[in-house]
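Each remark here refers to the structure printed beneath this line.
The values are calculated or read from the model by the stated rules, or taken from the named source; none is laboratory data. Worth saying up front: this structure is predicted, and the values here are computed from it rather than measured. Cβ atoms come from the backbone with ideal geometry, glycine included; neighbour counts cover every protein chain shown. Note: accessible area is taken over every heavy atom of the protein model, side chains too, but ligands, DNA and RNA are not part of it. Shrake-Rupley method; radii C 1.70, N 1.55, O 1.52, S 1.80 Å.
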Amino acid sequence: ALPRDLEGRRVVISAGGTREPLDPVRYLGNRSSGRQGYALARVAAHRGAEVVLISAHTADLVEPAGVRVVHVGTAEQLRESVLAESQGADAVVMAAAVADFRPVDLAQHKIKKVDADPAPVKLTRNPDILAELVERRRDGELDTGLIVGFAAETGDPDTPVLDHGRRKLDRKGCDLLVVNTVGDGKAFEMEDNAGWLLSTDGTETPLPHGAKSLLSARLWDAVTRRLGERS
Ligand code: C5P
């Protein structure tokens, strides 16, 4: 049986990929399936947590039982929901693939195929929600226990995935960072995951290859341990 070690805890999880509209029918999106975030929500609910799952676009997934699901489209909508729900939460896990950029203009009508050359799409930067959570907590505006990020890294010959992860944990300022290896058919759109769990307390835990529910269990283990050290 699963431990009920998240009883009395409220956790917020973001999942899936945002879609940034170009016109009423087109968008910029990504390949996130939402499976990791949904698995995190399901496992947390089983372990007794009150769970809010903020879901951007996903594959055709079943909503986890006993979880409140909030559906969003764009990064800005995701940001608003995450900031609102994170107030007073014990943990916020940002598993969503948030678009880094969005089109500057949203055409009111469908962009037509014309004889002239196609117009270039101008992009602007989206807010980094994870960084904003950290900043708001530091400034005392946000009362949130643990802030957890995900990093999908391909690694390269000079810098292994783990080094990228260490740097990202530093840069983002979150408490825990799950580093996934992507590319070569790994992680995105797959049932399985693998990588490392890095913590600001200095621990680096390998996350052996396995189902996304298994990685979820390891992450909640780390979260409950860190929450327990505080209270
Ligand atoms: O910098 P990078 O996009 O690799 O960071 C990934 C982490 O940051 C994920 O946890 C993702 O949910 C979060 N993120 C975010 N807002 C963005 C981009 C990424 O919260 N605009």
| Odd one out for LEU142, checked against (1) open to solvent by 40 Å² or more (accessible area, probe 1.4 Å); (2) in contact (Cβ under 8 Å) with a residue 24 or more places away in the chain; (3) part of a loop (DSSP other than H, G, I, E, B) | (1)
| remark: With the first residue restricted to the stretch 179-202 and required to be within 18 Å of ARG218 (Cα to Cα), and the second required to be modelled with pLDDT under 90 and among the acidic types (Asp, Glu), Cβ contacts under 8 Å at 6 or more apart or on different chains are VAL179/GLU153; ASN180/GLU153; THR181/GLU153
| query | Looking at GLU141, is it more than 10 Å from the ligand (Cβ to nearest atom), charged (D, E, K, R) and in contact with a helix residue (DSSP H, G or I) (Cβ under 9 Å, 6 or more places away or on another chain)? | reply | yes
| task | Being assigned to a loop (DSSP other than H, G, I, E, B), of a type in the set (D, E, K, R) and open to solvent by 20 Å² or more (accessible area, probe 1.4 Å) is the filter here, so list the residues in the stretch 11-58 that pass it. | result | ARG19, ARG26, ARG31
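Just to confirm my filter: which strands (runs of 3 or more DSSP E) fall fully inside the stretch 160-222 and include at least 2 residues that are modelled with pLDDT of 95 or more?
Details: elements: 176-181, 192-199, 204-211.
Filter on the stretch 160-222 gives 176-181, 192-199.
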| query | So which pairs qualify, if the first residue must be in the stretch 65-82 and more than 23 Å from ASP23 (Cβ to Cβ), the second must be away from the ligand (no atom under 16 Å from the Cβ) and part of a loop (DSSP other than H, G, I, E, B), the Cβ gap must be under 7 Å, and the two must be at least 6 apart or on different chains? | reply | VAL69/GLU63
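Going through the stretch 74-93 one residue at a time, which ones are open to solvent by less than 10 Å² (accessible area, probe 1.4 Å), more than 11 Å from the ligand (Cβ to nearest atom) and not in a helix (DSSP H, G or I)? So that I can check it myself, show each step before the final result.
Filtering the stretch 74-93 down to residues open to solvent by less than 10 Å² (accessible area, probe 1.4 Å) leaves 75, 78, 82, 86, 89, 91-93.
Among the residues that remain, those that are also more than 11 Å from the ligand (Cβ to nearest atom) are: 86, 89, 91.
ALA89, ALA91 - these are the residues of the stretch 74-93 that are open to solvent by less than 10 Å² (accessible area, probe 1.4 Å), more than 11 Å from the ligand (Cβ to nearest atom) and not in a helix (DSSP H, G or I).
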| request: Show the residue pairs that are 6+ apart or on different chains and have beta-carbon atoms under 9 Å apart, the first residue being within the stretch 1-17 and at positive phi and in contact (Cβ under 8 Å) with a residue 60 or more places away in the chain, the second being assigned to a strand (DSSP E or B) and of a type in the set (Ser, Thr, Tyr). | output: GLY16/SER55
| Is it the case that VAL161 is touching a strand residue (DSSP E or B) at 6+ places or on another chain (Cβ under 8 Å) and away from the ligand (no atom under 11 Å from the Cβ)? | yes
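Any chance you could count how many residues in the stretch 94-136 are within 14 Å of the ligand (Cβ to nearest atom), outside any loop (DSSP other than H, G, I, E, B) and farther than 20 Å from TYR38 by Cβ?
11
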| request: Write out, first by first residue and then by second, each pair whose Cβ atoms fall under 8 Å of each other, whose residues are 6+ apart or on separate chains, and whose first residue, in the stretch 88-114, is free of Cβ contacts under 8 Å to residues at least 40 places away in the same chain while the second is open to solvent by less than 100 Å² (accessible area, probe 1.4 Å). | output: ASP100/ASN126; VAL104/LEU123; VAL104/THR124
